Amino acid sequence: MTAERPLIEMRGVGKRYGEFEALRGIDLTVQQGEVVVLLGPSGSGKSTLIRCINLLEEYDSGDVVVDGIRVEKGKRLLSVRQEVGMVFQAFNLFPNHTVLDNVALGPVRVRKLSWEEGRSRARTLLARVGIAEQADKYPIQLSGGQQQRVGIARALAMEPRILLFDEPTSALDPEMVGEVLDVIKTLAGGGVTMLLVTHEMGFARQVADRIVFMEAGVIKEIATPDVFFTNPQNERARAFLDAVLNH
Ligand code: ADP
């Protein structure tokens with residue numbers, strides 16, 4: 001039996017903003033079906049790391065390979081972007097389209113589905129994230145939690161092989177965090193490959209196959225959640241957990 005090719009491979013990835021090194025020598029692989037959570041203090045490079053995977057940020061050195069294709073500017077970038085869905089902190093929905101069409105739009109424009117097909121797929125996905133009854137409303141008429149669930153349905157509509165989440169619940173009122181985390185948990189249980197940045201420690205522990213701890217642009221520790229949350233090996237990881245779990 002041959003080993004399966006990883007879906008994401010990062011090798012020696014570096015990223016600078018001017019003189020500042022936001023990422024330094026990042027090596028990380030994510031296998032099909034795996035859920036990987038990035039943790040670390042603010043400014044440690046988590047968001048930059050995931051944005052390099054679909055080239056929302058251009059990395060300066062090393063390689064990012066998604067499903068065997070090197071992520072770089074050029075004609076293959078579109079095919080990489082179609083494999084990688086992203087859910088943002090700010091939901092970025094189109095205010096002048098209904099919820100249904102926000103979800104249908106990508107497949108219609110990019111995958112060339114008819115509107116009928118696109119809307120039919122969108123209805124199925126809105127049901128999957130638990131807001132089928134909101135289909136004909138406009139984003140502004142929805143709560144933050146509901147809007148983020150639309151954001152997730154919209155990412156899924158492109159049938160990506162990987163979903164990236166950049167702090168998907170940080171813009172939400174506390175009472176809406178749970179409903180969005182529940183949707184993500186269901187997707188994770190259903191075998192969707194995910195790389196997530198979150199500050200929700202309980203959720204990270206439940207959902208992750210592996211925790212990646214970053215500090216100052218470097219991966220300091222990669223561990224299973226059980227090991228990471230009970231017996232982190234890295235001193236900075238220990239201090240970070242002390243700070244976030246005992247505040
Ligand atoms: P995290 O997601 O861990 O909070 P980020 O990846 O957002 O960290 O940022 C890492 C570092 O890079 C931070 O110090 C941040 O200030 C800096 N940074 C991020 N984006 C830019 C940018 N566009 N220009 C300059 N510096 C940036």
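A few comments on the model shown:
- Of the residues making up segment 43-69, those that are outside any loop (DSSP other than H, G, I, E, B), touching a Lys or Arg at 6+ places or on another chain (Cβ under 9 Å) and more than 15 Å from residue 162 (Cα to Cα) are 48, 61, 62, 63.
- Tabulated pairs, segment 21-34, first in contact (Cβ under 8 Å) with a residue 40 or more places away in the chain and within 12 Å of residue 53 (Cβ to Cβ), second within 15 Å of the ligand (Cβ to nearest atom) and in a loop (DSSP other than H, G, I, E, B), C-beta under 6 angstrom, 6+ apart or interchain: 23/45; 23/217
- Any chance residue 137 is surrounded by fewer than 22 Cβ atoms within 10 Å (Cβ to Cβ) and at pLDDT below 95: no
- Checked against (1) closer than 28 Å to residue 33 by Cβ; (2) not in a helix (DSSP H, G or I), residue 97 passes all but a single condition, namely (1).
- Taking the criterion of being surrounded by fewer than 19 Cβ atoms within 10 Å (Cβ to Cβ) and hydrophobic (A, V, I, L, M, F, W, C), the only residue of segment 193-209 that qualifies is 201.
- Any chance residue 212 is surrounded by fewer than 20 Cβ atoms within 10 Å (Cβ to Cβ), modelled with pLDDT of 95 or more and under 18 Å from residue 12 (Cα atoms): no
- Any hit, segment 43-60, residues being within 16 Å of the ligand (Cβ to nearest atom), in contact (Cβ under 8 Å) with a residue 24 or more places away in the chain and more than 20 Å from residue 197 (Cα to Cα): yes
- Selected residue (only one of 83, 57, 72, 117 is more than 30 Å from residue 25 (Cα to Cα) and of a type in the set (D, E, K, R)): 117
- The residues on offer are 218, 227, 180, and the sole one that is touching a residue at least 60 places away in the same chain (Cβ under 8 Å) and β-branched (Val, Ile, Thr) is 218.
- Only one entry in 14, 85, 33 is farther than 26 Å from residue 176 by Cβ and assigned to a strand (DSSP E or B), namely 14.
- Applying the set (1) surrounded by 14 or more Cβ atoms within 10 Å (Cβ to Cβ); (2) more than 16 Å from the ligand (Cβ to nearest atom); (3) assigned to a helix (DSSP H, G or I) to residue 78 leaves exactly one unmet item: (1).
- The residues of segment 140-154 that are touching a residue at least 40 places away in the same chain (Cβ under 8 Å) and either closer than 16 Å to residue 105 by Cα or surrounded by 15 or more Cβ atoms within 10 Å (Cβ to Cβ) (or both), listed by number, are 142, 144, 147, 148, 150, 151, 152, 153, 154.
- Every residue from segment 59-69 that is within 19 Å of the chain's Cα centre (by Cα) and not β-branched (Val, Ile, Thr): 59, 67
- Top-ranked residue of segment 16-35 - restricted to ones that are near the ligand (Cβ under 9 Å from one of its atoms) and small (Gly, Ala, Ser), ranked as surrounded by the fewest Cβ atoms within 10 Å (Cβ to Cβ): 18
The values are calculated or read from the model by the stated rules, or taken from the named source; none is laboratory data. Fair warning: this is a prediction, and the values are worked out from it, not measured in the lab. No Cβ is skipped: glycine too gets one built from the backbone with ideal geometry, and neighbour counts run over all protein chains shown.
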